[in-house]
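Novice: Just dropping this structure here.
The values are calculated or read from the model by the stated rules, or taken from the named source; none is laboratory data. Keep in mind the model is a prediction, meaning the values are calculated, not measured. Because the Cβ atoms are built from the backbone with ideal geometry, glycine has one as well, and the counts that use them run over all protein chains shown. Note: areas computed on protein heavy atoms with side chains; ligands, DNA, RNA excluded. Shrake-Rupley method; radii C 1.70, N 1.55, O 1.52, S 1.80 Å.
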Amino acid sequence: MVDFLAENNHCGQAILRIVSCGNAIIAELLRLSEFVPGVFRLRNKADQQKYGDIIFDFSYFKGPELWEGKLEAKPDLQDLDDEFRENNIEILTRFYLAFQSVHKYIVDLNRYLDDLNEGIYIQQTIETVLLNEDGKQLLCEALYLYGVMLLVIDQKIEGEVRERMLVSYYRYSAARSADSNMDDICKLLRSTGYSSQPGAKRPANYPESYFSRVPINETFISMVIGRLRSDDIYNQVSAYPLPEHRSVALAPQAAMLYVALYFDASILHTQQAKMREIVDKYFPDNWVISIYMGMCVNLAEAWEPYKAAKMALNYTLDLSNVKEQAGRCAAVRERVHTQVQQFLKEGCLREEMVLDNIPKLLNCLRDCNVAIRWMMLHTADSAYDPSNKRLRQIKDQVQTDSKYNPKILFQLLLDIAQFEFILKEMFKQMLSEKQTKWESYKTEGSERMTELADVFSGVKPLTRVEKNENLQAWFREIAKQIMSLNYDDSTAAGRKTVQLIQALEEVQEFHQLESNLQICQFLADTRKFLHQMIRTINIKEEVLITMQIVGDLSYAWQLIDSFTSIMQESIRANPSMVTKLRATFLKLASALDMPLLRINQANSPDLLSVSQYYSGELVSYVRKVLQIIPESMFTSLLKIIKLQTHDIIEVPTRLDKDKLRDYAQLVPRYEVAKLTHAISIFTEGILMMKTTLVGIIKVDPKQLLEDGIRKELVKRVALALHRGLIFNPRAKPSELMPKLKDMAATMDGFHRSFEYIQDYVNIYGLKIWQEEVSRIINYNVEQECNNFLRTKIQDWQSMYQSTHIPIPTFAPVDESATFIGRLCREILRITDPKSACYIDPLNTWYDLRTHQEVSNSRLFSEIQDTLGTFGLNGLDRLLCFMIVKELQNFLSMFQKTVLRDKGVHDALKSLTNAVNPLKGIVANCVKVYSTAVTKTQRIWPAYLDAIMKVGQMQILRRQIANELNYSCRFDSKHLAAALENLNEAILADIEAHYQDPSLPYPKEDNTLLYEITAYLEAAGIHTPLNKIYITTKRLPYFPIVNFLFLISQLPKLQYSKSLGMVCRKPADPIDWPPLVLGLLTLLKQFHSRYTEQFLALIGQFVRSMMEQCTSQKVPEMPADVVGALLFLEDYVRYTKLPRRVVEAHVPSFIFDEFRTVM
C-alpha cells in the first residue's frame, strides 16, 4: 500500500493540507488577538458616547435600513462613520479573513469526510484511514484543531467584540454582496456569552452548543473519540516505559480527547462507563491539562456541569489521592534534583560514563520532567478560579503536600534544561563521529593483534617470547575477524565483537600469557577497543528522539511567565545565570515542533509566518526576562548621575598642592567605580549567552543587550518628558521656562551618564541616544498630529513605534495627547495675542496690561537645549497642522457667515460697485467705508480670532526656523552650506525649466524635492510665510472682505514711534504682527490675483482718504491711513517683495510724507 503521506496519495495529502491549515489559522488568530482595536470593546464612557451610534452588534441585522437611516439623518455621525471606516477597514479585513478561514476549515473538513464516504478516494473510507497510523493521527488532529480554534476565538476575542467587528466589516466592505459566506460566518461566530474575565459565569451548555453550530458527521466524531480512548495514536508509551508515567505519555492525546468530547457531550453527561475508562487511563493522577500551546484547563471546573464526567473524576480529586500524588511528586523531585546536580558537576558527564549509563540518565530525565510538569500544571494560579472554594482547597492541599516552592521548582527546571542541553549536544557530537570512531577503534584493535602475531613469529624481538606458530596464526585470524566487522550490520557486528572479547580473555588464561606483562597489555588494549566499538555502535538516534519527547515543555508556553520575576531576581543576583537560562529558553523552543510539524509535512507556504510568530513570541519573552539587566544598569546609572552632578567637583586645570586632598574625593569616586564595575558585570552576563537560534530567529546577545538598553532608555526618557512637561494654565508667571530648564538638566544628566557608560558596555552611546530621543519625539508628534488627521496613523502602522523597543503611551492629562502637544499649547497660551503684545524688532512678547516681559526668543533656545533639533522640528510640524486646522475652520466660517448672510452680501455688493474702478478715487470715501464696516460689524470678531491665531502660529514658526538655522550654522556649518547651495541650485534649475521647458525638471516619481524639504525644514532653511497649507477654491468678494476687515481693525490700533502699531485699549485686545502675518498667510493660500486686488483696494483707500484730507485742508495724515501704509510697508518687508509692488497702488510721494510721520 502507498504511504499515506506520499505526494501521490491524494487522500493523505488532502487531510494533511487541512490539518496544516488548521495550525496556521490558530497562529493567525493568536497573532490578531493582540491587535483588537480597543474601540470595539466600548469599555469607557468616552468611547461609548463617541462611537456608540456607529458600532453595532448583530441586532443591526434585524433592521439595517433603520440604523443606516439614523446615521444619514445626522451629517456629524456620517462624517465620524467615514473617518472610522478609513482608520479601521484594513484591520477589520484581516480579522474577517481569519474568521472566514475558520468557517472554510470546517467546510473543507466536512467535504473531505463526504468524499471519503462517497468513495471519491479509491479504496479509502473513514475506517481504513483510521487503521493507518498517519491517517488516524491526522483525522483526530483535524477535529481537535477545529475545537481549539473555536476556544481560542472565544478566549481571545470576546463575543460582543466579534459581532461588532463583523457588522462593521459588513457595512464598510464593498465586497459584501459577492460574499455569500457572511451569514454562515456570523452564525458560527456570534457571541456565546462566554467571558474570559476571572469570576465570570459560564453560559449554559457551553461549549458544546458552540461546537455544534456547524454540524459534523456523527459517525466520524464517534470513531475519533473511540480511537483516542483506546489507542496510543502517537506511540509515546515507548518513550515512557514506567507505568506511573503513562498519563504523561498520553498527555497530548488526553488534550485531544478533552476537546473532542465536547463534540459529543452525551458521553460527558450520561455515559459513566466510558468516562470511568477515560479518567482511569488519562487522568488517574492529574486534573490540570494543557490543550494547545500552554492553554491550561482544570477538569474539576471544566467538567463540573457534566454528571458522568464529574462522577468519574471524583476519585482523582479525592483529597487522599491529591495528597498521595503531591507527596509522591515531592519525593521524586527531591531525589532527582540531587541526581541532576551530581551529573552537572564538572567532569561527571564524560563520554564513557554517558555511553555506559544511557538508561539511567534517561530515567532521571523522565522522572525530572514528569515531576516538573505535574508541579507546574497543578500549582498554576491560572488553573484555579479563586472564587471556587473546592478548587482553592485542592490547590492548598497540592501546595502543602508537594512542599511547593517556586524558586526550588525553577532551579530544578534550570538544572534539567542544562542537563538535557549538554546530553543532546554530546549525543549529536557522538552520532556525527560514530562511524569514524568505530572504524578507528577497529583499525587499532586489528593492528594490535597483527603486532602480537608478529611477536609470536619469533622474528620480532620481544623479551623472552618463544616462537609459537599456532598463536601467531590465531592472532592473525583474530586481526582478520576484527577487520571484517561491518559497520552497516550493527547487530551482527555487536554479537561478533562480544565473541571476540571472550576469545581474547580465554587465550590469556589457556596459554598462560599472564606472565608476560607486555602481551597482557596488548590484549587488554584490544579488548578495550572492542568494548569501545560496542559502546559506539549502541549510540542510536532513538535516544535523541526519546529525549526530545521527554523534554517537551509546550505545556509551559504560558505558565513560564509566572517564573519571570524569579528569573530576573536570580539574574540580578548572579548575571552569569543567563547561560543556564539559555538552555531553558531552548527547551521552551521545543514547543514550536507541535504546530509546525504538519505545516512542514504539507510543504505549506504558511511555515515561515507561523514559525516567525511563535519564534517571535518566544524571543519577546527572552527579551522580557533579560530586560532586568538594562533595568539594573540604569538603576546604577542614576546613582552615577547623582554622584557626578552633585557630589564630585570638577578638577580645575591648575590647583594648589594643599587642595589636592579636597579634590581627590576618594569616597564618591570609589562609589562611582563600584557602580561602573557592577554595570560591566551585568553586560558580561548577557554576552555569555552566545548567539542562539530560537525557533527560526537568531538571537545575538550583543543585539539583545543593545535593544534592552534602548528599551530602558526610551522608557525612562519618555516618562521624564511626560512628567516634566505638564503645565498649570493658571500659574502666574507661567511654569514654562522653569520646567524647560529642569527638563534640560534631566536630559543632560541622561546624556552625560550614557556618554560615560558607553565604553564599559561597548555600545555607540551617542548614536543610540540620538536615534531613540528622535524616535520618542517624532512618535509623540505623530500621535499629537493624529488629532488633526482624518485617517489616523495607528501604532502598528507607525514608522517610529517598535514591538521590541516600544515607546510607552500615557493617558492624556488635558486636551493634548502627548507632552509635545502640552508644550505647544502652553507656548500658544502665554503668547496669545489677546493677552500679549509681540514687539517684532525685539523678538519679545509683553503682557498687554502689566507691560511685563512674557517670553522672548530665548524660549526656543531652551527648547533646543531640552528636546534638541528633533523637538523644535516636531513643534514646527505640529504648528503646521494647527495652522491647517485653523484655515479649514476659517473657510467653513467664511462660507457660513459671509456668503450666506444676506445683509453682509448686500453690503459687499454695494461697496464693490462704489470702489470700481480700483484705479480711481472713491467719492465721499469716509462715509462709503464706514457704512460698509458698520453693516458687516458682526462677522469681524470670529474673523479676527482666526486671523490672529494663524498669525501667532506663523510668528512662532519663524522663531523656530531662526533658532534651527542658527544652531545648524553653528553646529554643522558644512551641512548648512551644502543644503543652502543645493536648495539654490534646484530652485535655479526649476526656474530655468519654466523659462525653457526643454531643460530638465524632477519627474513625478523622483523623491528629491520631498526629501530635500525635510532636510531644509530641519535646518531652518525655509520661509513659513510662503508655505501653501491648504488647497482652496474661488471665493466671491474675498479680497474686499479682507480689505474691509483690515480697515475695521485699524481704529483699535495706534502708532507709536518706538514700538510701531500697538493696541489702543487693553480691554479690546489686538496685536499688529499676528494681524499682518495672519492676513498675509490667508491671502497666500489663494490665487495671486486676490492679493493684487487686496493691495489695490488698500492703495485706493489711501489715495481716497488723502484726497479728502487735502480737499478739506486737514494738515495731518489720518491715523487709519498711517495704519494702512504701515501694513503695506510690513507686507513688503515680510514677503521680501520689491517695493514697486505697493508703489503701483500708492504714489511714492505719499510714502515720503508717511516717513516724515514715522
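Novice: Take the alpha carbon atoms of the stretch 276-339, find their center, do the same for the stretch 936-962, and report the distance between the two centers in whole angstrom.
Specialist: The distance from the Cα centre of the stretch 276-339 to that of the stretch 936-962 comes to 74 Å.
Novice: What trypsin sites (Lys or Arg not before Pro) in the stretch 750-818 are in a loop by DSSP, with at most 14 other Cβ atoms within 10 Å of the Cβ?
Specialist: Arg790
Novice: Output ³J(HN,Hα) for the stretch 838-853: one whole-Hz value per residue in order, computed from phi by the Karplus curve 6.51 cos²θ - 1.76 cosθ + 1.60 with θ = phi - 60°, and x for Gly and Pro.
Specialist: Calculated HN-Hα couplings, in order: 9, 9, 4, x, 9, 6, 9, 9, 10, 5, 5, 8, 8, 6, 7, 5 Hz.
Novice: Let me ask something additional. Put Arg849, Arg41, Arg350, Arg958 in order of accessible area, largest first, 1.4 Å probe: what do you get?
Specialist: Ranked list, largest accessible area first: Arg849, Arg350, Arg958, Arg41.
Novice: Which one, Trp557, Ala14, Ala254, projects farthest toward the positive side of the charge dipole computed for the chain from Cβ point charges (K/R +1, D/E -1)?
Specialist: Trp557
Novice: Using the Cα centre of the stretch 613-752 as origin and beta-carbon charges of +1 (Lys, Arg) and -1 (Asp, Glu), tell me which of Phe682, Thr746, Asn728 is placed farthest towards the positive end of the dipole.
Specialist: Value computed over the given set: Asn728.
Novice: Now for a different question. Between Tyr1001 and Ser562, how many nm apart are label points set 7 Å from Cα along the C-beta direction?
Specialist: Here the answer is 7.1 nm between the modelled labels.
Novice: Follow-up question, since we're still on this one. Going from most exposed to least, what order do Arg1034, Arg43, Arg582 have by accessible area with a 1.4 Å probe?
Specialist: Largest accessible area first, the residues go Arg1034, Arg43, Arg582.
Novice: Looking at the square roots a ≥ b ≥ c of the eigenvalues of the Cα gyration tensor of the stretch 66-120, which shape do they give, rounded for a/c under 1.5, prolate if a/b is larger than b/c, or oblate?
Specialist: Prolate is the answer for the stretch 66-120, as a/c is 1.5 or above and a/b outweighs b/c.
Novice: Further question: Place +1 on the Cβ of every Lys and Arg and -1 on the Cβ of every Asp and Glu in the chain, take the dipole about the Cα centre, and give the residue among Val237, Asn286, Gln1100 whose Cα lies farthest towards its positive end.
Specialist: Gln1100
Novice: Here's another thing I want to ask about it. For the stretch 891-1029, what is Rg from Cα atoms divided by 2.2 N^0.38 Å, rounded to two decimals? Walk me through the numbers on the way to the answer.
Specialist: On the way: Rg = 23.0 Å, N = 139, 2.2 N^0.38 = 14.3 Å.
Against the empirical 2.2 N^0.38 Å value, I get 1.60 for the stretch 891-1029.
Novice: Still on this structure: Using the Cα centre as the reference, give the magnitude of the dipole from point charges on the C-beta atoms of the chain (Lys, Arg: +1; Asp, Glu: -1; all else neutral), rounded to the nearest 20 debye.
Specialist: For the chain, the charge dipole is close to 3500 debye.
Novice: Additional query: Accessible surface of Trp374 in the full protein assembly, 1.4 angstrom probe, to the nearest 10 Å²?
Specialist: About 30 Å², rounded to the nearest 10.
Novice: Taking a cut-off of 30 Å between Cα atoms, list the lysines near Lys274, but don't count ones fewer than 8 places away on the same chain.
Specialist: Output for Lys274: Lys136, Lys201, Lys307, Lys310, Lys323, Lys389, Lys395.
Novice: Quick check of the Kirkwood formula: for the stretch 1090-1139, what is the inverse mean of 1/r over all pairs of different Cα atoms, in Å?
Specialist: On the way: mean 1/r = 0.0854 Å⁻¹.
Radius from the Kirkwood sum: 11.7 Å.
Novice: Need one value: the accessible area of Lys834 in square angstrom, 1.4 angstrom probe, rounded to the nearest 10.
Specialist: 120 Å²
Novice: In a shell of Cβ-Cβ distance under 14 Å around Ile986, excluding Ile986 itself, what net charge do Lys and Arg (+1) and Asp and Glu (-1) give?
Specialist: -4
Novice: Dipole magnitude of the stretch 196-315 about its Cα centre, charges +1 at Lys/Arg Cβ and -1 at Asp/Glu Cβ only, in debye to the nearest 20? Please list the in-between numbers first.
Specialist: Working: 11 positive and 11 negative charges, 53 e Å.
Around 260 debye, computed over the stretch 196-315.
Novice: Still on this structure, please answer the following. What do you reckon, how do His10, His677, His378 stack up by accessible area (1.4 Å probe), largest on top? Working shown, then result.
Specialist: On the way: His10 135, His677 110, His378 0 Å².
Output order, biggest surface exposure first: His10, His677, His378.
Novice: Whose amide H sits under 5 Å from the amide H of Ala836, counting only residues 5 or more places off or on another chain, with H placed in the peptide plane?
Specialist: Placed amide hydrogens put Leu848 under 5 Å from Ala836.
Novice: Shifting gears a bit: Rg and Dmax of the chain, using alpha carbons, in Å: what are they?
Specialist: When restricted to the Cα atoms of the chain, Rg and Dmax are 42.1, 156 Å.
Novice: On to the next question. Treating the angle as unsigned and between 0 and 90°, give the value, to the nearest 10°, between the Cα long axis of helix 925-935 and the longest Cα principal axis of the chain.
Specialist: 40 degrees
Novice: Sticking with this structure for a sec: So for the pair Val1132, Ser802, with labels modelled 7 Å out along Cα→Cβ, what separation do we get in nm?
Specialist: About 5.4 nm, to one decimal.
Novice: So if R0 is 25 Å, what FRET efficiency would Lys690 and Ile545 give, r being the distance between their Cβ atoms, rounded to the nearest 0.05?
Specialist: The computed FRET efficiency comes out at 0.45.
Novice: Counting only the heavy atoms of the protein chains, how much of Ile519 is accessible to a 1.4 Å probe, in Å² to the nearest 10?
Specialist: Result for Ile519: roughly 10 Å² accessible.
Novice: Sequence gap at least 6, Cα distance under 8 Å: using those rules, report the relative contact order of the chain to the nearest whole percent. Display every interim value, and only then the final one.
Specialist: Numbers: 1285 pairs, mean separation 83.5, N = 1158.
Relative contact order of the chain: 7 percent.
Novice: Here is a follow-up. Roughly how many percent of the accessible protein surface of the chain is carbon and sulfur, given a 1.4 Å probe and a whole-percent answer?
Specialist: About 52 percent, which is the carbon plus sulfur part of the accessible surface.
Novice: Nearest 10 degrees is fine. How inclined is helix 218-230 to the longest principal axis of the chain, computing both from alpha carbons?
Specialist: So the helix axis and the longest Cα principal axis differ by about 50 degrees.
Novice: Using a simple charge model, +1 on the beta-carbon of Lys and Arg, -1 on the beta-carbon of Asp and Glu, nothing else, what dipole does the stretch 802-887 show about its Cα centre, in debye to the nearest 20?
Specialist: That gives the stretch 802-887 a dipole magnitude of about 160 debye.
Novice: Any of Lys935/Lys1136; Lys732/Lys834; Lys50/Lys885 with alpha carbons more than 26 Å apart? Name them for me. Provide the component values of the computation, followed by the final result.
Specialist: Working: Lys935/Lys1136 35 Å; Lys732/Lys834 16 Å; Lys50/Lys885 21 Å.
As for pairs spanning more than 26 Å Cα to Cα, those are Lys935/Lys1136.
Novice: Also: Under 10 °C and 1.306 mPa s, how fast does the stretch 748-904 diffuse according to Stokes-Einstein, given a Kirkwood radius computed over C-alpha pairs? Answer in µm²/s, whole number.
Specialist: Using the Kirkwood radius from Cα pairs, D works out to 85 µm²/s.
Novice: Here is a further query. Take Thr645 and Asp795, extend 7 Å from each Cα along the Cα→Cβ direction, and tell me the distance between the two endpoints in nm.
Specialist: A separation of 2.9 nm, rounded to one decimal place.
Novice: Shifting gears a bit: Apply the Karplus parameterisation 6.51 cos²θ - 1.76 cosθ + 1.60, with θ equal to phi minus 60°, to every residue of the stretch 314-331 and state each ³J(HN,Hα) to the nearest whole Hz, in sequence, with x for glycine and proline.
Specialist: 4, 5, 4, 8, 4, 4, 5, 5, 4, 5, 4, 5, 5, x, 5, 5, 4, 5
Novice: Work out how far the C-alpha atoms of the stretch 657-746 reach from end to end along every principal axis, then list the three figures in whole Å, largest first.
Specialist: Principal extents (Cα only, largest first): 59, 51, 14 Å.
Novice: Can I ask one more? At most 11 other Cβ atoms within 10 Å plus a DSSP loop assignment makes a site exposed; report the longest stretch of the chain without any exposed GluC sites (Glu not before Pro).
Specialist: Details: sites that count: Glu7, Glu118, Glu346, Glu466, Glu514, Glu650, Glu815, Glu1004, Glu1116.
Longest gap between qualifying sites, sites excluded: 119-345.
Novice: At q = 0.22 Å⁻¹, what log₁₀ I(q)/I(0) does a Debye calculation on the Cα points of the stretch 523-659 give, no solvent, two decimals?
Specialist: Calculated log10 I(q)/I(0) at the listed q: -1.30.
Novice: Taking H placed 1.01 Å from N in the peptide plane, check which residues at least 5 places from Met1061 or on another chain put their amide H under 5 Å from its amide H.
Specialist: Hits under the 5 Å cutoff: Ser1056.
Novice: I'd like the distance separating the alpha-carbon centroids of the stretch 695-726 and the stretch 1097-1158, in whole Å.
Specialist: Between the Cα centre of the stretch 695-726 and that of the stretch 1097-1158, the gap is 61 Å.
Novice: Would you pull out the residues with amide H under 5 Å of Ile539's amide H, same chain only if 5 or more places away, H placed 1.01 Å from N?
Specialist: none
Novice: Can you give the accessible area per residue of the chain, in Å², using a 1.4 Å probe?
Specialist: For the chain, the solvent-accessible area averages 48 Å² per residue.
Novice: Cα-based Rg of the stretch 1038-1094 per 2.2 N^0.38 Å, rounded to two decimals?
Specialist: In units of the globular-protein estimate, the stretch 1038-1094 measures up at 1.24.
Novice: Right, another one. Calculate how steeply helix 701-724 sits against the longest principal axis of the alpha-carbon atoms of the chain, using the helix alpha-carbon long axis, and give the answer as 0 to 90 degrees to the nearest 10.
Specialist: Here the helix axis deviates by roughly 40 degrees.
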